[in-house]
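K.L.:
Please read through the structure below; I'll follow up with questions.
The values are calculated or read from the model by the stated rules, or taken from the named source; none is laboratory data. Because the structure is predicted, anything quoted here is derived from the model rather than measured. With ideal geometry, Cβ positions are generated from the backbone for all residues, glycine too; neighbour counts draw on all protein chains shown. Accessible surface areas use protein heavy atoms only, side chains included; no ligands, DNA or RNA. Shrake-Rupley method; radii C 1.70, N 1.55, O 1.52, S 1.80 Å.
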Amino acid sequence: MDHKYIDEFDIVDRYLARRLAEGETAEFEEHFVDCLECIGRLEATKAFVDGLRRVASGRAAAGTDRSNEILEDERSTVSRKAFAAAAGALSVVIIAVAVFAFAQVRRYRSEADQARNASTDWERRYEEEHQLSGTAEKQRRESESELTEQIAQLRTQLERKPEEEPAKTAEVNVAILALSATRGNDASSGTLNEIFLPRSSRSLFLSVQLEGERDFKTYRMTIESSQRQPIFKGGGFRPNAYNSLSVSLSSTLFRGGKYLLTVDGVARDGSTNMVGQYSFRVRK
């Protein structure tokens with residue numbers, strides 16, 4: 001319902017006179033709940049009715065000299081108009097109260113829905129936090145159980161007899177080979193350093209005696225098989241107090257056969273110079 005329709009069909013006056021159909025009444029009430037203009041028109045109509053009542057009262061006071069019959073008729077007319085005005089005013093009040101009550105009920109419903117949604121959300125969050133707390137507690141107990149088991153295993157290992165440990169930490173009868181430099185055609189003539197490497201031995205200890213005193217910063221060692229395949233290569237070595245280099249290598253690097261160890265000196269400027277070559281044979 002719009003204002004054009006309200007003006008064309010005199011909806012305001014008909015509403016106050018209660019001459020609207022039930023459907024039109026409901027449609028108009030739904031309209032003027034949020035329409036300040038229509039509420040103002042209702043109040044203006046009420047003021048007009050009150051004015052008529054005051055005019056009617058003035059006329060009754062001025063006509064006291066008229067005949068009793070005319071006075072009685074006017075009083076009857078004014079009474080009817082006053083009753084109609086009072087009824088209209090009461091209707092406006094009732095409508096205003098109804099509008100206010102309707103707005104309050106709608107607001108209360110909205111607040112109740114928000115509170116219910118908030119309560120549901122809090123219950124869901126509480127349930128999720130409760131589940132997470134239970135999961136964390138379960139993981140903590142499992143971690144404590146694993147830690148207790150590990151501590152028990154370590155304690156058992158520490159309580160073993162001392163004589164049982166050396167067999168795992170020490171190696172007896174390590175294969176040691178002190179190499180002497182190979183000169184000229186010694187390698188081809190069969191003059192080799194030779195060592196027997198037992199299968200039980202886990203390491204091969206090589207010691208190289210350096211000859212002369214040279215101002216090298218560090219030394220580099222390279223070991224190749226007879227087929228020139230690299231077995232070991234390392235650098236940054238420094239000689240000990242006896243001017244020798246020593247290195248311990250895994251026995252799995254060597255098979256039965258001939259090998260050549262080359263020692264290169266690394267000068268302070270980064271240049272290299274071969275110090276010596278050492279041929280040796282490994283027997284298994």
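K.L.:
Multiplying the sequence separation of Ala87 and Asp34 by 0.36 nm and subtracting their Cα-Cα distance, what value in nm do you get? Before the final figure, lay out the partial values.
P.N.:
Numbers: separation 53, 0.36 × 53 = 19.08 nm, distance 2.37 nm.
Working it through step by step, the gained length comes to 16.7 nm.
K.L.:
Over 19 Å apart: what share of the alpha carbon pairs of the stretch 189-259 falls there, rounded to a whole percent?
P.N.:
It works out to 43 percent of all Cα pairs.
K.L.:
Label point 7 Å out from Arg106 along Cα-to-Cβ: which residues of the stretch 1-45 have amide N under 14 Å?
P.N.:
Under 14 Å, as judged by backbone N against the label point of Arg106, lie 27-36 of the stretch 1-45.
K.L.:
Oh, and also: Of the heavy-atom accessible surface of the stretch 83-129 (probe 1.4 angstrom), what whole percent is carbon and sulfur?
P.N.:
Working: 2370 of 3670 Å².
That fraction is 65 percent.
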